[in-house]
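Data first, discussion second: the structure below is written as structure tokens.
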Amino acid sequence: MNRLTGKVAVVTGAALGLGRATALRMAEQGAAVALTDVREDDGQAFARDLAGRGLQARFWRHDVSDEAETAPAEARLRPGATRPARSPRPPRSGP
């Protein structure tokens with residue numbers, strides 16, 4: 001199923017863990033995936049892995065905790081994007 005074909009997904013923290021799993025699933029569903037993380041080597045390797053599988057992915061180094069990096073990163077990622085695909089938020093714990 002290609003539910004995300006024609007969409008661009010920006011995934012932060014995409015080099016490892018949940019971010020990586022989310023990016024992989026979105027790419028498998030047809031999204032062009034913009035991978036961002038502070039772990040540049042891991043992020044670049046993941047982008048190459050996805051591209052090797054025939055999936056659309058590109059990596060940018062981006063530290064979401066640094067406001068000075070956020071606006072320029074958003075400007076780099078936005079050109080050509082249509083409506084963004086959003087991953088569902090994890091369930092909240094507690095009552």
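The values are calculated or read from the model by the stated rules, or taken from the named source; none is laboratory data. All figures in this text were calculated on a predicted structure; none of them were measured in a lab. When we count neighbours, we look across all protein chains shown, and the Cβ atoms used for this are built from the backbone with ideal geometry, even at glycine.
Can you tell me which of THR5, THR22 is under 14 Å from LEU55 (Cβ atoms), among the polar types (S, T, N, Q) and at pLDDT 95 or above?
Every option except THR22 fails the conditions.
Only one entry in ALA51, ALA85, ALA68, ALA45 is surrounded by fewer than 16 Cβ atoms within 10 Å (Cβ to Cβ) and modelled with pLDDT under 90, namely ALA68.
Restricting to the range 8-19, name every residue that is surrounded by fewer than 18 Cβ atoms within 10 Å (Cβ to Cβ) and under 13 Å from ASP49 (Cβ atoms). The answer is LEU16, and nothing else.
Given the structure, is LEU4 in contact with a Gly (Cβ under 7 Å, 6 or more places away or on another chain) and either on the phi > 0 side of the Ramachandran plot or part of a loop (DSSP other than H, G, I, E, B) (or both)? Yes. Annotation: of all residues in the range 22-35 being part of a strand (DSSP E or B) and without any contact (Cβ under 8 Å) to a residue 40 or more places away in the chain, the one that is surrounded by the most Cβ atoms within 10 Å (Cβ to Cβ) is VAL33.
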